[in-house]
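Q: Got a structure here, written out as structure tokens. Questions coming.
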Amino acid sequence: MQQLQDSSDIWQTLKETKNLLAFSGGVDSSALFYMLVQKKIPFDIAIVNYNTRDGSKNEENFARNLAQKYSKLVFVKSVKLNDANFEANARAVRYEFFDEIIKTNGYETLLSAHHLGDKLEWFFMRLIRGAGAVELCGFSQVEQREGYILARPLIWHTKDELMEFLTKNGYEYFVDESNFDEKFERNRFRKNFSEPLLKKYKEGILRTFEALEKDKKKLLPSEYQKINSLYIFKRDENEMRLIVKIAKFFKIVLSKNQQDEISKQINCVLSGKIAIGKNDNFVFIAPYLQNIVMDKAFKEACRKAKIPKHIRGYMYKKNLNFKEILAAQFLSV
């Protein structure tokens, strides 16, 4: 498996955003680093040195050298933490550091190398404490954080797949010995439950989490992204519910016959007021503006971005930023 594949369009989306990779030098983040390089996705890296092992400085130097080799910016924070509640404190320090970098340097997306094993470990750790369906489902591939997007491109891949990718390509990485220390609860779950189960039942576990993700979206309130008066949301079996809701914002109440007709169409106009357009993945709703003369470059950009025709006039008139439109679709995934 020299080139990892992903069924989603997340890789293409990342080519259009300013990305910061949370890096450690271990298997997971190193695999993601080289994958991003292979896919020609722009990014820089940030690493926290907790100074817990003799090899900590070597991993920091590895990150610095790797960044220099591939012309990436590297941000480094060196800390020492008490052993008491180390994992929670380390996470707090880590994300405080990332937040600061993102805010100061204008990054739009933080990339994390969480994989399927991490998701399964979370499931077990929540299971023994008592948890509802949404919490059991755990973290998603894309989440909105304060001021940025958190993306996990590897969430449907196993650790073994990442190891295979690195080995076959001859890529260097470090092994963190603390990952084998069973004084940490997560490591106990990894060794005794998640890794053995994924080796035997990966496909079934993957299907279960995919089903849970769908159920999670049904349980949680559906979300849309709004830019000015343009609404964007992911297409699914419940999309009509959001279309009806947004139409009410424009003082239009849709009858059952109208809803059935909208379901059949890719582009339509309601009461001469609002335009509804769909592409393969998203629904767009905006005020309908007709007879808008658009320049050729704008039309071509819309075509490449798969912006529905009835939506383009409003975008052009309001001078909406294509990057915002792309980010809105990204968040709706």
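Bear in mind these aren't lab numbers, they're just calculated from the coordinates by the rules spelled out. Small disclaimer: the values here were computed from a predicted structure and weren't measured. A quick note on method: Cβ atoms are made from the backbone with ideal geometry, for glycine too, and the neighbour counts reach across all protein chains shown.
Q: What net charge do the residues around Ile243 carry, taking every other residue with its C-beta under 11 Å from that of Ile243, with Lys and Arg at +1 and Asp and Glu at -1?
A: +4
Q: By the gyration tensor of its Cα atoms, with a ≥ b ≥ c the square roots of the eigenvalues, what is the shape of the range 225-332: rounded for a/c under 1.5, prolate for a/b over b/c, or oblate?
A: Since a/c reaches 1.5 and a/b is larger than b/c, the shape of the range 225-332 is classed as prolate.
Q: Listed here are the pairs Lys15/Lys245; Lys214/Lys318; Lys214/Lys306; Lys218/Lys256; Lys39/Lys216; which of them are more than 28 Å apart at the Cα?
A: Lys15/Lys245; Lys214/Lys318; Lys39/Lys216
Q: So which aspartates and glutamates pass the test for Lys323, namely a Cα distance under 13 Å, with those fewer than 8 places away in the same chain ruled out?
A: Result set, ordered by chain and number: Glu16, Glu108.
Q: Turning to a different aspect of this structure: Which stretch or stretches of the range 113-150 have amide N atoms under 18 Å from the point lying 7 Å from Asp215's Cα along the Cα→Cβ direction?
A: 119-141
Q: Against the longest principal axis of the chain, how steep is helix 159-169, in degrees 0 to 90 to the nearest 10, with axes from Cα atoms?
A: The helix 159-169 is inclined about 80 degrees to the chain.
Q: With a cut-off of at most 10 other beta carbons within 10 Å, and DSSP calling the residue loop, which trypsin sites (Lys or Arg not before Pro) in the range 87-174 qualify? Please list them.
A: Filter output for the range 87-174: Arg129.
Q: Moving on. As I understand it, the value is the acute angle between the Cα axis of helix 239-249 and the longest principal axis of the Cα atoms of the chain; what does it come to in degrees, rounded to 10?
A: Compared with the principal axis, the helix lies near 60 degrees.
Q: Any idea which of Asn65, Val244, Thr13 is furthest toward the positive side of the dipole for the chain, if Lys and Arg beta-carbons carry +1 and Asp and Glu beta-carbons -1?
A: Checked the options; the winner is Val244.
Q: Test of the criteria: in the range 60-127, which chymotrypsin sites (Phe, Trp or Tyr not before Pro) are in a DSSP loop and have at most 15 other Cβ atoms within 10 angstrom of their Cβ?
A: For chymotrypsin sites (Phe, Trp or Tyr not before Pro) across the range 60-127 that sit outside H, G, I, E and B with at most 15 neighbouring Cβ atoms in 10 Å, the list reads Tyr70.
Q: How much length is gained if the chain between Ala88 and Glu324 is pulled fully straight, taking 0.36 nm per residue apart and subtracting their Cα-Cα distance, in nm to one decimal?
A: Extending this stretch completely gives an extra 81.6 nm.
Q: I would also like to ask the following. By how many degrees, 0 to 90 and rounded to 10, does the Cα axis of helix 322-332 deviate from the longest principal axis of the chain?
A: The angle comes out near 70 degrees.
Q: By the scheme Lys and Arg +1, Asp and Glu -1, what is the net charge of all other residues having a beta-carbon under 12 Å from that of Leu162?
A: With Lys, Arg at +1 and Asp, Glu at -1, the net is -3.
Q: Mind giving me the FRET efficiency for Ile128 and Val244? R0 is 51 Å, r the Cβ-Cβ distance, nearest 0.05 is fine.
A: 0.80
Q: For the pair Gln68 and Asn281, what calculated FRET efficiency results from E = 1/(1 + (r/R0)^6), where r is the Cβ-Cβ distance and R0 = 30 Å, to the nearest 0.05?
A: That gives a FRET efficiency of 0.20.
Q: For the chain, state the semi-axes of the equivalent ellipsoid (square roots of 5 times the eigenvalues of the alpha-carbon gyration tensor), sorted largest first and rounded to whole angstrom.
A: Gyration-tensor ellipsoid for the chain: 41, 24, 18 Å.
Q: Then there's this: Convex hull volume of the Cα atoms in the range 1-139, per residue, in Å³?
A: So the per-residue Cα hull volume is 145 Å³.
Q: First select every other residue whose beta carbon is under 12 angstrom from the beta carbon of Gln144; then total the charges, Lys and Arg +1, Asp and Glu -1.
A: So the environment of Gln144 carries a net charge of -3.
Q: Distance cut-off 30 Å, Cα to Cα: go down the list Lys103/Lys234; Lys202/Lys264; Lys40/Lys119 and report the pairs above it.
A: Lys202/Lys264
Q: Sticking with this structure for a sec: For the range 225-332, give the magnitude of the charge dipole about the Cα centre (Cβ charges: +1 Lys/Arg, -1 Asp/Glu; no others), in debye to the nearest 20.
A: 220
Q: Let me ask something else. Quick one: longest stretch of the chain between exposed loop GluC sites (Glu not before Pro), exposed meaning at most 14 other C-beta atoms within 10 Å and loop per DSSP?
A: After excluding every exposed loop site, the longest remaining stretch is 1-145.
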